[in-house]
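Let me begin by presenting the structure, written as structure tokens, before commenting on it.
The values are calculated or read from the model by the stated rules, or taken from the named source; none is laboratory data. Keep in mind that this is a model prediction, so the values were computed, not measured. Glycine also receives a Cβ, built like all others from the backbone with ideal geometry; neighbour counts cover every protein chain displayed. For the accessible areas, the whole protein counts, side chains as well, though only heavy atoms, and no ligand, DNA or RNA atoms are used. Shrake-Rupley method; radii C 1.70, N 1.55, O 1.52, S 1.80 Å.
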Amino acid sequence: MASSSALTSAPRTLKTAKIKITTKCNRHCDFCIFAEGGQGENMPIDTFIQVLDRLDQIPFRQLHINGGEPTVHRDFVRLSGLARERFPDHVMVLGSNAITLARNERLLEATLTHYDQVLIGCDEEHENYDEVRAVVPVLRKAGKTVVINSVLEAIAPDRLAQLAALCDEYGAIHVTNHVHHIDVGQPTNDLGGLCDRNVDQHLMIEVDGDCYRCFNAMAKNDSEFTVWDAGFAAKVFAPRREHYDFCLKCHEYKDSGLQVVPAPAVPAHRTASV
Ligand code: SF4
């Protein structure tokens, strides 16, 4: 039986776990620091299974499969099936530029079978307007949530309007963003406290198992631990005490006002009634 002190600690659940299954990509977007074109590396299937084993140790809600461009991984179909099989009740999210989905029926079928949501980057850099136009109606007809994300520094106003109209027509969601993970001359953030996104938000796992508790942080020196570490599950939920290198120039910095971001405290009366 749980003690009363145990009841006062918050149940910790990570919002999103993201596995970058490849650093290969079929595009070469100028602003992208996550991919290396055709020169990239695929996560071996055995490693992917081990990563799923590790994720099985922590509570989380959504599993994102990303890259690079994840659909160019030669085992994309199998990996997607394995993840869905392991986490049947989690929301499965694919991050893609949709280019291969529009051209390869097998990959599109696997996406329809295994994923709940598809997030598609679309702008001049991705150069994928035709493919997005082809794929969005199919995904929406199958009931998938579709989010189109355009980088404002890389899209002309008429293209932006066309995408908004497409999303409107098919019930997809259109969001815009700034290039947030690199220095594009924006003013430096005044880092008064640690970013509140540090708490129970995102865990990004790289091809080699390096972990970052933020989707935007991705310099090797920002890696905090690896999926292979003993105590991996505890490290995911440990308090954060330092900024990442990327925080200084990140458009998404949200000041928590705290120098150490701890586990969120939950009042005893909330847990006691559960
Ligand atoms: S400021 Fe940006 S890079 Fe730093 S933790 Fe927040 S979202 Fe991540």
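One table, with the values for the structure above:
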read-out	value
Relative contact order (%) - criterion: Cα under 8 Å, at least six apart; region: the chain	20
Viscosity 0.890 mPa s, 25 °C: Kirkwood-radius Stokes-Einstein D of the chain over Cα pairs, µm²/s	124
Surface per residue (accessible, 1.4 Å probe) for the stretch 74-208, Å²	46
Folded to 0 to 90 degrees: helix 45-55 orientation relative to the chain principal axis, Cα	40
Cysteines not pairable in the chain (beta carbon separation under 4.7 Å absent)	Cys25, Cys122, Cys167, Cys195, Cys211, Cys214, Cys247, Cys250
Among Leu258, Leu119, Leu203: highest mean-square fluctuation, GNM of the chain, C-alpha pairs under 10 Å	Leu258
Segment Arg241-Thr176, extension gain: residue separation times 0.36 nm, minus the distance between their alpha carbons	20.4 nm
Shape box of the stretch 74-208 [Cα atoms, principal axes, largest first, Å]	47, 39, 26
Size of charge dipole - the chain - debye, nearest 20, with Cβ of Lys, Arg +1 and Asp, Glu -1, no other charges	920
At R0 = 25 Å, FRET efficiency that the Cβ-Cβ distance of Ile45 and Arg133 yields, to 0.05	0.15
For the stretch 85-99, Karplus couplings with θ = phi - 60° (6.51, -1.76, 1.60), whole Hz, Gly/Pro x	5, 6, 10, x, 9, 8, 7, 9, 10, 10, x, 8, 8, 6, 5
Count of Lys pairs (Cα-Cα under 25 Å; at least 8 positions apart or interchain) in the chain	20
